[in-house]
Each structure stands twice: as structure tokens, then as C-alpha cells.
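Read the structure below first, then the notes.
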Amino acid sequence: SIEGFIVSTLTELGIKNGQFKVSIVKNEELNDTGIDTIRFLFSANKGIDLQEMSKVASGGETSRLMLAIKSLLAKHLALPCLVLDEIDTGVSGEIAGKIAKILTEMSSEIQLIVISHLPQVAAKATNHYKVEKKDINGKTQTLIHKLGAEERLEELAKMLSGEQISEAALENAKALMVNH
């Protein structure tokens with residue numbers, strides 16, 4: 001079931017007591033969004049009643065819920081590509097690694113374009129592109145370019161330590177790349 005898949009994925013992503021339900025209520029009259037009102041109900045903790053996801057989920061919980069939903073879509077729809085913009089917002093450490101694992105699994109079925117600021121997630125990509133804004137002739141322009149192997153390592157190290165890249169950050173970035 002949809003709900004079972006979402007709960008299972010949430011458990012994998014560290015929400016051990018998560019509950020999820022799709023509520024479908026038929027309206028009296030047809031309106032511009034249809035005849036049904038559909039709500040996603042969620043609880044992250046034991047003993048807490050299901051409530052509307054948008055009202056009770058934290059940023060990290062919302063990111064994990066969206067990843068679970070998009071993972072389900074990728075498994076069952078013949079989508080050529082899926083763009084995930086900061087699907088890892090509000091998480092770090094161990095959960096970031098678990099998100100990276102799910103994204104890697106999804107990428108075997110579908111092309112993913114993932115925008116991330118987490119090195120654990122970025123390190124798993126097949127290709128890396130750097131997007132940056134620069135002022136050129138008094139106008140802000142967005143530039144994008146594909147990174148080579150050394151540039152990938154440097155960008156991962158910057159994610160780990162900031163602009164001043166330490167030797168420890170470089171070693172950590174290499175370890176992340178090896179585990180890819």
C-alpha cells in the first residue's frame with residue numbers, strides 16, 4: 001500500500017514511530033480542485049494523533065516525507081527524470097547518508113537531478129555541476145559548469161570545512177568519494 005511504503009521508508013530514514021495516512025473526503029459539491037479533498041496525515045511520535053502534515057512536520061520530517069513520496073513515484077511511474085531541490089533540508093549526519101542511499105537506489109531506475117548542500121549526498125552523484133551567481137558588467141548572472149575529478153573533491157571539501165579547505169576536509173571528501 002502507499003501508506004505502508006511511506007511508513008517503511010520513513011523508518012529507514014530514522015523516523016522509527018512515524019505514521020502516515022492519506023485522507024480522502026468527498027465534498028458536497030464539485031469545485032475547481034475536484035470533488036475530493038485529499039490530505040496527508042502524519043505523526044512522527046508514538047501516542048500522537050495523526051494531523052495534517054503541513055501543520056505538524058518539521059523541516060527535516062517534511063524532507064524525508066517528500067523523499068519517501070517521490071521514491072514511490074519513481075518506482076511506479078515511467079518518469080524520464082526527477083528534479084529534487086534540497087530534498088535533504090533539515091537533516092544531517094547519519095540521516096544524510098540514508099538519504100544518499102535511497103537516492104542512489106532511485107537513480108538506477110530514473111535520472112535524478114539533485115540540488116544538495118550536504119557532502120554525504122553530493123558525493124554519491126555520478127556527475128557534479130557547480131552553480132554560482134556572479135556580477136558581470138553590473139548584472140547578476142547564473143553560471144553552471146561540470147566539475148572534473150579534482151574540482152569535485154575541492155567542492156566536497158568546501159562543503160565540509162568552508163572556503164578554507166583543511167587537510168582533514170580533503171581526506172574526509174576523499175573517503176566520501178571512495179564510498180561512492
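Key figures for this structure:
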quantity	calculated
Search result, residues across the stretch 77-91 that are open to solvent by 40 Å² or more (accessible area, probe 1.4 Å) and under 11 Å from the mean Cα position of the chain (by Cα)	Val83, Asp85, Glu86, Thr89, Gly90
Close pairs from the stretch 137-155: first at negative phi, partner open to solvent by less than 60 Å² (accessible area, probe 1.4 Å) and small (Gly, Ala, Ser), Cβ under 6 Å, at least 6 apart	Leu153/Ala173
Matching entry among Glu94, Glu109, Glu61, Glu28 (being open to solvent by 50 Å² or more (accessible area, probe 1.4 Å) and either in a helix (DSSP H, G or I) or of a type in the set (A, V, I, L, M, F, W, C) (or both))	Glu94
Members of the stretch 106-162 that are closer than 26 Å to Ser63 by Cα and among the charged types (D, E, K, R)	Glu109, Lys124, Lys130, Glu132, Lys133, Arg152, Glu155, Lys158
Which numbered condition His145 fails, given (1) part of a loop (DSSP other than H, G, I, E, B); (2) at pLDDT 90 or above	(1)
In the stretch 47-89, the residues that are in contact (Cβ under 8 Å) with a residue 60 or more places away in the chain and small (Gly, Ala, Ser)	Ala68, Ser71
The lone exception for Lys124 - which of (1) closer than 28 Å to Lys158 by Cα; (2) part of a helix (DSSP H, G or I); (3) of a type in the set (Lys, Arg); (4) open to solvent by less than 70 Å² (accessible area, probe 1.4 Å) it fails	(2)
Verdict on Thr37 being surrounded by fewer than 13 Cβ atoms within 10 Å (Cβ to Cβ), over 17 Å from Ile6 (Cβ atoms) and at pLDDT 90 or above	yes
Residue list for the stretch 127-147, restricted to those being touching a Leu at 6+ places or on another chain (Cβ under 8 Å) and open to solvent by 90 Å² or more (accessible area, probe 1.4 Å)	Tyr129, Val131, Lys133, Lys134
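Yes or no, residue by residue, for (1) within 17 Å of Met66 (Cβ to Cβ); (2) open to solvent by 60 Å² or more (accessible area, probe 1.4 Å); (3) free of Cβ contacts under 8 Å to residues at least 40 places away in the same chain:
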{"residue": "Ile2", "(1), (2), (3)": "yes, yes, no"}
{"residue": "Thr9", "(1), (2), (3)": "yes, no, no"}
{"residue": "Ser23", "(1), (2), (3)": "no, no, yes"}
{"residue": "Ala44", "(1), (2), (3)": "yes, no, yes"}
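The values are calculated or read from the model by the stated rules, or taken from the named source; none is laboratory data. Note that the structure is a prediction, hence the values are computed from the model and not measured. Cβ sites come from the backbone with ideal geometry, for glycine too, and all protein chains shown count toward neighbours. What goes into the accessible areas is simple: the full protein's heavy atoms, side chains included, and nothing from ligands, DNA or RNA. Shrake-Rupley method; radii C 1.70, N 1.55, O 1.52, S 1.80 Å.
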